[in-house]
Amino acid sequence: MQNKTIMIALGGNSLSPKGSAGSVTEQFSLARKTMNNLSEFIDLNYNICITHGNGPQVGDELLRMDLTSETVPPLPLGICVANTQGQIGYMVQQTLQNELREKSVDREVVTLVTQVIVDKNDQSINNPTKFIGPRYTKSEIEKFATKLGWSIKEQEPGSWRRVVPSPMPEFIMHGNSIKVLVDRGTIVIAFGGGGIPVFNNKDNKIEGLDAVIDKDFSAAKMGRIIRAQELWIISDIDYLYRNFGKEDASPIKQINSKELNALYKKNTFQEGTIKPKIKAALHFLKHHGEKVVITSIDNIKKALKQKSGTIIRN
């Protein structure tokens, strides 16, 4: 019997959660913890493709450049996405390789720097919603916004972050190469941060774009390409919630795509964080997908036994 294929979307906060310093040592330590939990899928012999967020890391990259721009020429956002693909991919790849050695499992792990084609006229270009970088108080971030020209938004009450454009992915390049590797059992880390955003210019040449693509929606599209049965969206939440943030909030443990779509249309989920995950889940289930699980890294084992996480099916 053919092995099941899984598409895993890791939140950038898996390596750099709220309140962490974000040092490389700390990120490697968190990567080890994360990969230890993901090893459950190796034990179950899944074919695996992994992508990851890069919001905290790409935000730090941009801040470094903003603070040194008078000394060192700054890099465009698209190059920062490419850099963090390599940076995070290396940490995840090395940690997974060590996990496989401990288990005496002979599987290769590769990281693929991946471009993703977007529409250069996507409406999000002029309406930034994607949160990146550290969290600040309003007074702290307003100083940066004034000095460095940031667009900013409040993510949670009292917690402010920088926002950048996040166009929808239209076509993931190198998809066939990723599928061939995944089908042969190679664990592939690809299109980190949602992929490097590029577009086809009027001369039919590929050109970069200053934006960050939502990694969950890229994962949903790649899940379709590799014919994954399952999409796991790993974030810092254990469940989706009805009436999140209110006194009558309740976890959504199991739900079908029709019910979830109805809640999505009522705008009950947070813009820029939870809402894209719902959109990604619905897209995946519409095209060959059988199951989506939204949970935290610590609850993967429980979610596999259907004792944690939000499970969405048609």
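The values are calculated or read from the model by the stated rules, or taken from the named source; none is laboratory data. These numbers were taken from a predicted model, which means no experiment stands behind them. Here the Cβ is made from the backbone with ideal geometry for all residues, glycine too, and neighbour counts use every protein chain on show. Note: areas computed on protein heavy atoms with side chains; ligands, DNA, RNA excluded. Shrake-Rupley method; radii C 1.70, N 1.55, O 1.52, S 1.80 Å.
Report, ordered by the first and then the second residue, all pairs with beta carbons closer than 7 Å, sequence separation of six or more or different chains, a first member in segment 113-131 that is under 25 Å from W160 (Cα atoms), and a second member that is in a strand (DSSP E or B) and open to solvent by 40 Å² or more (accessible area, probe 1.4 Å).
Between residues of segment 113-131 that are under 25 Å from W160 (Cα atoms) and residues that are in a strand (DSSP E or B) and open to solvent by 40 Å² or more (accessible area, probe 1.4 Å), the close pairs are P128/S151.
How many residues are touching a strand residue (DSSP E or B) at 6+ places or on another chain (Cβ under 9 Å), at negative phi and open to solvent by 70 Å² or more (accessible area, probe 1.4 Å) if we restrict to segment 238-258? Show your work before the answer.
Let us first name the residues in segment 238-258 that are touching a strand residue (DSSP E or B) at 6+ places or on another chain (Cβ under 9 Å), namely 238-243, 245, 248-257.
Add one more test, that the residue is at negative phi, and what stays is 238-242, 248-257.
Going one step further and asking which of them are open to solvent by 70 Å² or more (accessible area, probe 1.4 Å), we end up with 241-242, 248, 253-254.
Of the residues in segment 238-258, 5 are touching a strand residue (DSSP E or B) at 6+ places or on another chain (Cβ under 9 Å), at negative phi and open to solvent by 70 Å² or more (accessible area, probe 1.4 Å).
Given (1) in a loop (DSSP other than H, G, I, E, B); (2) farther than 23 Å from T84 by Cα, where does K143 come up short, assuming only one miss?
Going through (1) in a loop (DSSP other than H, G, I, E, B); (2) farther than 23 Å from T84 by Cα one by one, K143 breaks only (1).
Those residues that are open to solvent by less than 60 Å² (accessible area, probe 1.4 Å) and either more than 30 Å from R227 (Cα to Cα) or not in a strand (DSSP E or B) (or both), I need them from segment 169-178; list them, please. Step through it out loud before you land on a result.
Step one: filter segment 169-178 for residues open to solvent by less than 60 Å² (accessible area, probe 1.4 Å), giving 169, 172-173, 175, 178.
Result: M173, G175, I178.
Does any residue of segment 218-233 turn out to be within 22 Å of T84 (Cα to Cα), in a helix (DSSP H, G or I) and either open to solvent by 10 Å² or more (accessible area, probe 1.4 Å) or charged (D, E, K, R) (or both)?
Yes, there is a match, as at least one residue in segment 218-233 is within 22 Å of T84 (Cα to Cα), in a helix (DSSP H, G or I) and either open to solvent by 10 Å² or more (accessible area, probe 1.4 Å) or charged (D, E, K, R) (or both).
I'd like the full set of residues that are surrounded by fewer than 16 Cβ atoms within 10 Å (Cβ to Cβ) and hydroxyl-bearing (S, T, Y), limited to segment 129-158.
If the condition is that a residue be surrounded by fewer than 16 Cβ atoms within 10 Å (Cβ to Cβ) and hydroxyl-bearing (S, T, Y), then T137, S139, T146, S151 are the ones that fit.
Pick from L231, L209: which is of a type outside the set (D, E, K, R) and either out of contact with any helix residue (DSSP H, G or I) (no Cβ under 8 Å at 6 or more places or on another chain) or within 15 Å of K277 (Cα to Cα) (or both)?
Details: L209 fails: either out of contact with any helix residue (DSSP H, G or I) (no Cβ under 8 Å at 6 or more places or on another chain) or within 15 Å of K277 (Cα to Cα) (or both).
After applying the criteria, what remains is L231.
Residues of segment 23-42 being surrounded by fewer than 16 Cβ atoms within 10 Å (Cβ to Cβ) and either under 20 Å from T273 (Cα atoms) or of a type in the set (G, A, S) (or both), which ones?
S23, S29
Find all pairs meeting these conditions: Cβ atoms under 6 angstrom apart; at least six residues apart or on different chains; first residue within segment 1-13 and touching a residue at least 24 places away in the same chain (Cβ under 8 Å); second residue surrounded by 18 or more Cβ atoms within 10 Å (Cβ to Cβ) and of a type in the set (K, R).
A9/K215
Conditions (1) surrounded by 14 or more Cβ atoms within 10 Å (Cβ to Cβ); (2) not small (G, A, S), marked per residue:
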site	(1), (2)
L44	no, yes
I50	yes, yes
M65	yes, yes
G78	yes, no
V92	yes, yes
L100	yes, yes
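Say we look at segment 203-217 and pick out the residues that are open to solvent by 40 Å² or more (accessible area, probe 1.4 Å) and in a loop (DSSP other than H, G, I, E, B); which of these is nearest to I189 (Cα to Cα)? Before the answer, list the steps.
At the first step, the residues of segment 203-217 found to be open to solvent by 40 Å² or more (accessible area, probe 1.4 Å) are 203-208, 210.
Keeping just the survivors that are in a loop (DSSP other than H, G, I, E, B) gives 203-205, 210.
Values: D203: 31, N204: 28, K205: 26, D210: 22 Å.
Selected residue: D210.
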